[in-house]
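Visitor: Okay, handing you the structure first.
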Amino acid sequence: MNKATMKWRLALPVAAAVLALGGCGGSSDNSTDAVVSSSGSITACFTANDVVNFAVEFSGPSSQIPATRSVAGPMIYNGQVVSGQKLFYPNGNITYTQSNYWTVTSSGVTMIASVDYNGVATTDDMFLPQNMNFEQTAVNSTNDVDTFVGFESITLAGKIFANTCHIRQVDSSGAQADSWYAPGYGMIKDSVSSGVTWQYNGDL
């Protein structure tokens, strides 16, 4: 399974012995046209002071178990209060999950870990500075490269998300993922070069 840094890059195969996670999606009802903004904040995009639940629209190969829900907000990881986000992948009587964790300070955002459906944690040390400029890059210790594309306002499921942070990550294997983070919600859209996508589809 490929390592997930900030993104849920893979999806759960329906009938595979070894499962992995991922995803992003769209429909004609959900506009993904982005309006570039000159204002916003890296730290605001990753700040979720309250727990928020939202439905997920998933698009990908029919062999994948789709994500259906996301929960973001304050969480506990290794006894530490952090920010985090969990995706849920129901499959019959079993619901698989994957979680990403990070911290937010006045200087920026530090990714901590991703925990897969087996509970296996992959640590991370990606740091996105608060004063990150458009097209500026950040690199972690495993040579994943994050590029800050810019602040964008997008509409998903009829809801306008202003000043989201559009982050493009290329991992050490060359796989690319474009993700959008919104204040109070965490990641609201993820589009992976493999063709798997998921996005916000209404509050729950």
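The values are calculated or read from the model by the stated rules, or taken from the named source; none is laboratory data. Given the structure is predicted, the values throughout are model-derived calculations rather than measurements. When we count neighbours, we look across all protein chains shown, and the Cβ atoms used for this are built from the backbone with ideal geometry, even at glycine.
Visitor: Take the stretch 161-177 and flag every residue that is farther than 18 Å from Thr47 by Cβ and either among the hydrophobic types (A, V, I, L, M, F, W, C) or in contact (Cβ under 8 Å) with a residue 60 or more places away in the chain (or both).
Guide: The answer is Gln169, Val170, Asp171, Ser173, Ala175, Ala177.
Visitor: Report whether or not Asp146 is assigned to a loop (DSSP other than H, G, I, E, B), closer than 25 Å to Gly40 by Cα and acidic (Asp, Glu).
Guide: Considered against the rule, which asks whether it is assigned to a loop (DSSP other than H, G, I, E, B), closer than 25 Å to Gly40 by Cα and acidic (Asp, Glu), Asp146 comes out as no.
Visitor: Looking at (1) small (Gly, Ala, Ser); (2) assigned to a loop (DSSP other than H, G, I, E, B); (3) modelled with pLDDT of 80 or more, find the lone condition where Ser83 falls short.
Guide: Single failed check for Ser83: (2).
Visitor: I need a count of the residues in the stretch 24-78 that are within 21 Å of Asn100 (Cβ to Cβ), modelled with pLDDT of 80 or more and not in a strand (DSSP E or B).
Guide: Residues meeting the conditions: 17.
Visitor: Here's something else I'd like to know. Only one of (1) free of Cβ contacts under 8 Å to residues at least 60 places away in the same chain; (2) under 12 Å from the mean Cα position of the chain (by Cα) fails for Asp125. Which number is that?
Guide: If we test Asp125 against (1) free of Cβ contacts under 8 Å to residues at least 60 places away in the same chain; (2) under 12 Å from the mean Cα position of the chain (by Cα), just (2) comes out false.
Visitor: Just checking, how many residues over the stretch 115-138 are buried (at least 18 other Cβ atoms within 10 Å of the Cβ) and touching an Asp or Glu at 6+ places or on another chain (Cβ under 7 Å)?
Guide: 3
Visitor: Here's a check for you: in the stretch 139-162, which residue that is farther than 14 Å from Phe54 by Cβ and among the small types (Gly, Ala, Ser) is surrounded by the fewest Cβ atoms within 10 Å (Cβ to Cβ)?
Guide: Ser141
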